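Worksheet: the structure to be examined is printed underneath.
A short reminder: the numbers here are calculations on the coordinates, not readings from a lab. For clarity, every value in this text was computed on a predicted model and none was experimentally measured. Cβ placement follows ideal geometry from the backbone for every residue including glycine, while neighbour counts extend to all protein chains displayed.
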Amino acid sequence: MLTKSKITKHRQCPRLLWLDLNRRSLAQYDDATIARLAEGNRVGDVSRQLHPGGVLIDTLHLPQALVRTQEALNQKTVPVFEPAFVAGDVLVRVDLLLPQKGSYRLVEVKSSTEVKDYHYEDASVQYWVMQQAGLVPTSVALGHINNTFEYKTEGQYQGLITEVDITASVKERLDQVPDWIASAKATSEQTELPEVKTGRQCKQPFECGYLAYCKSLEKQTEYPVSILPRVSAKQLEQFAKKGISDVRQIPDGYLDKENHERVRQVSVSGQTYLNPLAKEALDQLPYPRYYLDFETVAPAVPRWLDSRPYQQIPFQWSCHIETGAGAALQHQQFLHRDASDPRRVFAESLLNTLGAQGSILVYNAGFESSRIEELAAHFPDLAPRLLALIERIFDLLPLAQKNYYHPAMMGSWSIKAVLPTLSDLDYVNLAIGNGGLAQVAYLELIDRATPVLRRDALYEDLLKYCYQDTLAMVHVAKRFCALQPN
């Protein structure tokens, strides 16, 4: 039986639906993706809390779900959550049905902060199936996160979700729904993998878990033109028209952006580029030098008072310290371990470690600076000292972008792309290997339902990951100073 989710996947890519039905074990969804789904579930929970007295159809057993749905609808005066409807071979579960004018209005709830194009298609499938099943919604709304909402009272989320009427847009698409269903059904009945090339659909509107598998079936270009930093769709189209698929095929003088030309030249020569200005800039930084990194969590549903949806809440920092040239590295760190608001103790511990003088080295200063500014706004008594930190920050990212490139970086200057070209240090053996996974781990760490031994393991894994991030910055800076420039 088809579902709305299966039809949506088919709309993104027929191969995605087919693989989901026939080769699900090939999917590679990381913990961060799973966490986003869990956050969506939390938004759904809150949306139901905002409509008290409703009936939740919480069974997965279809015949029972259909019976309970009809029983709830017969009351005509109560909200119904997750009701089930079937039309032909299509099943849908609706987020909210709210009583209106003797019938019900349909509300689809999303964790995004705006209405997106695929939301209209989602709701159109819901509406069409309900209509075929004999219940025509009076209207259709899309509930999304109101990113101006501020959490002021424990447990009070009135205003978190904004509803936008999309009835007209849904009705415009209803005639297309039978074709979507027929096409998805045909794909689901195929015995062979659909012929689809990888492309933009692999990441829009969702990252596909089968991308690595599909790429493995295709001959890969060694240095595809897509690695050019922030290359536009128009430029990619122009390359395709000229038959250019590899950066090394681009003629001399064709590229007008300095970083694009650098990527091309290094890809052609195979030789690392290092400008001596990198060492000169680093040599001028006063001691002590603090290599600093933050970890943050950004829940859709605010957990701490005086915070907003998706606000980056800092919960951990790591700092490697050089007190002088040739001095042994020192290390300080902080990780908030319980479910209370981490911001105050984060800020105080940071100030105690960084003192009032010395250079603060970060990788992508916009992130750390913004978090410091937010902490200063939240804690006026700490503001002067916090804001003074920003004046001491030196950003390694633009230094790398302007002065360093290695063929293996494939157009990226992220620390995880730069580091392997300069050092044997890597993230391969860490249980947590990126910031998304760190967020997942932290939410599990502070969940009271998490067993003690599991919490202890998560705590240690988070410390190791953040430690590695700041040690990586030390290695990058040291190698910039030690390598022979060209």
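If the viscosity is 1.306 mPa s and the temperature 10 °C, what translational diffusion coefficient in µm²/s does Stokes-Einstein give for the stretch 1-137 when Rh comes from Kirkwood over Cα pairs?
Diffusion coefficient, whole number: 98 µm²/s.
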- Item | Alpha carbon Rg of the stretch 279-355, scaled by the compact-globule rule 2.2 N^0.38 Å | 1.37
- Item | Footprinting exposure proxy for Met1, Met410, Met130 (fewest neighbouring C-beta atoms within 10 Å first) | Met1, Met410, Met130
- Selection from Ile313, Pro384, Ile360, by position along the positive dipole direction of the stretch 277-482 (Cβ): Ile360
- When the scattering of the stretch 424-486 is computed by the Debye formula from its Cα atoms alone, each counted once and equally, what is log10 I(q)/I(0) at q = 0.14, 0.15, 0.28 Å⁻¹? -0.49, -0.54, -1.14
- Item | Inter-part distance where the stretch 313-343 and the stretch 1-53 are each reduced to a Cα centre, Å | 37 Å
- Order of Val301, Val225, Val452, Val345 - criterion: other Cβ atoms within 10 Å of each residue's Cβ, fewest first: Val452, Val345, Val301, Val225
- If one puts a single equal scatterer on every Cα of the stretch 219-267 and applies the Debye formula without solvent, what log₁₀ I(q)/I(0) results at q = 0.20, 0.30, 0.31 Å⁻¹? -0.60, -1.41, -1.49
- Message: How big is the dipole moment of the stretch 2-188 about its Cα centre under a simple scheme where the beta carbon of each Lys and Arg is +1, that of each Asp and Glu is -1, and everything else is neutral? Debye, nearest 20, please.
- Response: 400 debye
- Share of Cα-Cα pairs in the stretch 277-482 beyond 32 Å, whole percent, is 16 percent
- A correct Stokes-Einstein calculation for the stretch 82-145, using the alpha-carbon Kirkwood radius, 20 °C and 1.002 mPa s, returns a whole-number D in µm² s⁻¹ of 179 µm²/s
- So how do Cys466, Cys202 line up by other beta-carbon neighbours within 10 Å, fewest first? Cys202, Cys466
- Message: So if each residue of separation counts as 0.36 nm, and I subtract the Cα-Cα distance between Ser232 and Asp179, what length gain in nm does that give?
- Response: 15.8 nm
- Amide H within-cut-off set for Ala84, under 5 Å, with H built and near neighbours excluded: Thr69
- Cβ-Cβ FRET estimate between Lys416 and Asn74, R0 fixed at 45 Å, reported to 0.05: 0.20
- Message: Could you order the peptides 243-251, 58-66 from most to least packed, using the average number of other C-beta atoms within 10 Å per residue?
- Response: 243-251, 58-66
- Unit charges on C-beta of K, R, D, E only; dipole of the chain, Debye: 700 debye
- Query: Given Ala123, Gln201, Trp180, which one lies farthest toward the positive end of the charge dipole of the stretch 119-245, if we put +1 on the Cβ of every Lys and Arg and -1 on the Cβ of every Asp and Glu?
  - Reply: Gln201
- Cut-off 11 Å (backbone N to label point 7 Å along Cα→Cβ of Leu217), residues of the stretch 1-32: 14-20, 23
- From the list (1) 41.7, 158; (2) 26.4, 79; (3) 26.6, 100, can you say which value of Rg and Dmax of the Cα atoms in Å was derived from the structure given? (2)
- Quick one: putting +1 on the C-beta of Lys and Arg, -1 on the C-beta of Asp and Glu, what dipole do you get for the stretch 117-249 around its Cα centre, in Debye to the nearest 20? 680 debye
- May I ask which residue of Ala472, Leu21, Ile432 lies farthest towards the positive end of the charge dipole of the chain, with charges of +1 (Lys, Arg) and -1 (Asp, Glu) on Cβ and the Cα centre as origin? Leu21
